[in-house]
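Participant: First the structure, then my questions, so here it is.
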Amino acid sequence: MNRFSVVLISAVLFPVLLPAQNPMLMRGPAAERIEQFKKIRLMEELKLDEATSIRFFARYNSHQEELRKLNQKRNDIIDELQILRRRDVSDAEYEKTLQELKALADPAVELRVKFLNEISEILSPKQVAEYVIFERNFVQNLREIMREMQQQRRRGGGR
Amino acid sequence: MSNEPMDHKEFEHLLADYASGMLDQSGSDLLRAHLDHCAVCGERLQSFRQVMLELRAAKEGGQGVPAGYFENLVPRFRASLSGQKDRPSGSGWFQLVPPFAAAIVVIGLIGTQQFPPDSDGLRSLAAEMEVSEITDAYLSEIEQQPMGSIGAAEALAGSLRREAASRQLLEQFGESSLEDLAPLITVDDLGSDELDVLLQRLKTRTYL
Amino acid sequence: MTDLELVDRFRNGEESAFNELALRYKERIYWTARRFVNDHQDADDIVQEVLWKAYEGLRNFRSDSGVFTWLYRIAVNTSLNAVRKKRVREFLHFDELFESDSPESERPDEALEKEEERSLIDQAVQRLPEKQKAVFVLRHYEQLSYEEIAAILKTSVGGLKANYFHAVKKIEEYVKRAHGS
């Protein structure tokens, strides 16, 4: 892998190195390290070559950003519902905001399908399947380890 | 401040202290030099200053402490020392629990499940414990189950034993630490050592 | 008289020495608790609990940390415990399981009114994750150094600045969202 490719892959894998305006910087440092590990491991598991990695992670990062925005919108709407509650508004006002929440359901599904379609252009069907399995198992593994560490802390075996 | 060059994140971490006027001189100098060419941090600093203003306003707005509260605080405590054998069990809701109700909940659970051989020992342990300790054990067990369901018999027994042991620890207070009481909530709450451990464990897992 | 001198006197049987310590720190203990639970009654319960624990534990107090640090640690731990129990209790609707006609028990609508009276900024602080809240309370309200905070929380200094930064950032984001900006 030549130096140019390493720099290019790094820039795509680790957007944290890009200028400060990158929204990835909004996440905590621990989450970013875990995300970095996840990407490297994904490359290994799917056996992605450098060209495919660059293209894959460009789409992946863009997808993550869209997911984050959608999630943020969802949180904003729920916060709005909390504010409405405090103001004791009419049913019509609640309905209006709840409609906005429901309207997010389709875009969420569409985003996911769009992403799978995009990566299907650069990965084989087997690799796409492996990606989906990897994502699910990564989250499960992370949760299990967090739970183990929590129990260890309680037993006094932590830090 | 160390002599190593700082990365952007380290500058960011100074912003809150700077906005609240708690950053030392050398830190302030370094940060000001950074702010000369970082618009993002400049904007964030303005937001943080606004937050600090609102925090100060909230503080000055009064907190509703009843008149005479502080004058009576220690005398009330002394009265409770001489008037009660059992120590107050914290929040008012514990006082609402009938003396045997919590014990019945726990012992009832013990009765309905498969138990380790010394279940009689557990029953007598539960009978010896104070109501607040039993409910602490119960709550602590529930907290460990993601959906709040009652845990396995052995896990519950473990909680009871821990509560009995912690009673002894209370006599040497100062052993408790934040780590013992505060569960991990998000990955951002992890210390750097713990994060290293987490990453090591992630490396050993299977993903396909 | 220093704190350690008071501790020695208490150990030698002088009850008034404990009173003196309690008088010195009662307000700081109260306000620390109050920042965690944001309710006077809950804070008072915590203060009483802290005084009990201090009274029971002072005989075995080791002077490797100062009395002030030790008391703070008890206050923070007791406050966090209270916050967690409140959360579990609300999640499980314990107040429904153990009904009481006690006038002290708060009805859900009263609790909601109390919540509304709290300023937005107080709500934002209440929503912080536990460690960030602890660091924020001790740094911002108690104006303690990171070294003091590390001693109280029995953690290392490294990472505390980040905790404080993230706490303020979360407060900022919460307030911004509530204002719709």
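Coordinate-derived values only; no laboratory data. Since we're looking at a predicted model, the values are computed, not measured. Reconstructed Cβ throughout: ideal geometry from the backbone, glycine too, with neighbour counts over all protein chains shown.
Participant: Separation between the residue A:84 and residue A:143 pseudo-spin-labels, each 7 Å from Cα along Cα→Cβ, expressed in nm?
Facilitator: 2.9
Participant: Quick check on the exposure proxy: order C:64, C:39, B:193 from fewest to most C-beta atoms within 10 angstrom.
Facilitator: So the residues, fewest neighbours to most, are C:64, B:193, C:39.
Participant: Same structure, new question: Got a sec? How would A:53, B:20, C:119 order by Cβ neighbour count within 10 Å, fewest to most?
Facilitator: Going from least to most buried by this count: C:119, B:20, A:53.
Participant: While we're looking at this one, here's another question. Can you tell me the mean projection area, over all orientations, of the convex hull of the range B:8-60's alpha carbons? Units nm², please.
Facilitator: The number I arrive at for the range B:8-60 is 3.5 nm².
Participant: Now for a different question. Can you tell me the FRET efficiency between residue A:51 and residue C:16 if r is taken as the Cβ-Cβ distance and R0 is 51 Å, rounded to the nearest 0.05?
Facilitator: 0.05
Participant: Give the peptides A:105-118, B:43-56 in descending order of average Cβ contacts within 10 Å, highest first.
Facilitator: Descending packing order for the listed peptides: B:43-56, A:105-118.
Participant: With each pseudo-label sitting 7 Å past Cα toward Cβ, what's the residue A:72-residue A:59 distance in nm, one decimal?
Facilitator: With each label placed 7 Å out from Cα toward Cβ, I get 2.4 nm.
Participant: For a 24 Å ceiling on Cα separation, which of these pairs sit above it: A:69/C:161; A:38/C:133; C:53/C:133; A:102/C:133; C:133/C:176; A:47/A:69?
Facilitator: A:69/C:161; A:38/C:133; A:102/C:133; A:47/A:69, as the Cα separations exceed 24 Å there.
Participant: Report the calculated FRET efficiency for residue C:157 and residue C:41 (r = Cβ-Cβ distance, R0 = 35 Å), to the nearest 0.05.
Facilitator: Efficiency, rounded to the nearest 0.05: 0.50.
Participant: For C:137-149, what's the mean count of beta carbons from other chains sitting within 10 Å of each residue's beta carbon?
Facilitator: 2
Participant: Using Cα centres only, tell me the gap between the range C:38-88 and the range C:2-27 in whole Å.
Facilitator: Using only Cα atoms, the two centres lie 16 Å from each other.
Participant: Still on this structure, I have one more. May I ask for the equivalent-ellipsoid semi-axes of the range C:118-181, computed as the square root of five times each C-alpha gyration tensor eigenvalue and listed largest first in whole Å?
Facilitator: Those come to 24, 11, 8 Å.
Participant: In addition: Take the alpha carbon atoms of the range A:99-116, find their center, do the same for the range C:118-181, and report the distance between the two centers in whole angstrom.
Facilitator: Result: 34 Å between the Cα centres.
Participant: How would C:52, C:31 line up from fewest to most surrounding beta-carbon atoms within 10 angstrom?
Facilitator: Fewest to most other Cβ atoms nearby, the residues stand as C:31, C:52.
Participant: Now for a separate question. Can you tell me the alpha carbon radius of gyration of the range C:4-60 divided by the globular rule-of-thumb value 2.2 N^0.38 Å?
Facilitator: Relative to the rule-of-thumb radius for its length, the range C:4-60 sits at 1.21.
Participant: Something else: Can you tell me the FRET efficiency between residue A:114 and residue C:62 if r is taken as the Cβ-Cβ distance and R0 is 60 Å, rounded to the nearest 0.05?
Facilitator: Result of the calculation: an efficiency of 0.45.
Participant: Pop out the ³J(HN,Hα) list for the range B:38-48 in order, Karplus 6.51 cos²θ - 1.76 cosθ + 1.60 with θ = phi - 60°, rounded to Hz; leave Gly and Pro as x.
Facilitator: Ordered by residue, 3J(HN,Hα) equals 10, 5, 4, 5, x, 5, 4, 4, 4, 4, 5 Hz.
Participant: While we're here: When Cβ neighbours within 10 Å are restricted to other protein chains, what is their mean count per residue of peptide C:25-33?
Facilitator: Average neighbour count from other chains, rounded to a whole number: 2.
Participant: OK, next. Taking the Cβ of residue A:100 as the center, what net charge do the other residues with Cβ under 14 Å away carry, scoring Lys and Arg +1 and Asp and Glu -1?
Facilitator: Summing Lys and Arg as +1 and Asp and Glu as -1 gives -2.
Participant: Take residue C:119 and residue B:25, extend 7 Å from each Cα along the Cα→Cβ direction, and tell me the distance between the two endpoints in nm.
Facilitator: With each label placed 7 Å out from Cα toward Cβ, I get 3.3 nm.
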